[in-house]
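FYI, it's all coordinate maths here, none of it is from the lab. All values reported here derive from a predicted model rather than from experimental measurement. Using ideal geometry, Cβ is built from the backbone for each residue, glycine included, and neighbour counts are taken over all protein chains shown.
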Amino acid sequence: MNFETIIGLEVHVELKTNSKIFSPAPAHFGEDPNTNTNIIDWSFPGVLPVMNKGVIDYGIKAALALNMDIHQKMHFDRKNYFIQIILKPIKFLNLMSPLAIMAGLKSS
């Protein structure tokens, strides 16, 4: 039997943006807890997130540098948790339409 090895990578990076990815609240490291927040971070019903344009710009630059296929549209899903110990029971997912995908990366 012949098998082809396929490895998927999920990469996490800390971007040097002035605000958070889904909120205009500041993203300053080392501040006192709960000081860099606003109404979007508190997950009140009906309050929708606002995408940080700087994050998209960084993502496009990285995708271009890696010769990736960039999508014209992105779609985020909102996942709700019903656990009382979680302060923000919401997570935003981008599984079905990411910013970019890589057709393949060759290694030698």
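Annotations
- Annotation: amide H-H contacts under 5 Å for Ser19 (H modelled 1.01 Å from N, sequence separation of 5 or more, or interchain): Ala27.
- Other-chain or far-sequence residues with amide H under 5 Å of Ala100's (modelled H): His71
- Once both labels are positioned 7 Å from their Cα atoms along Cα-to-Cβ, the gap between Leu48 and Phe3 label points is 4.6 nm.
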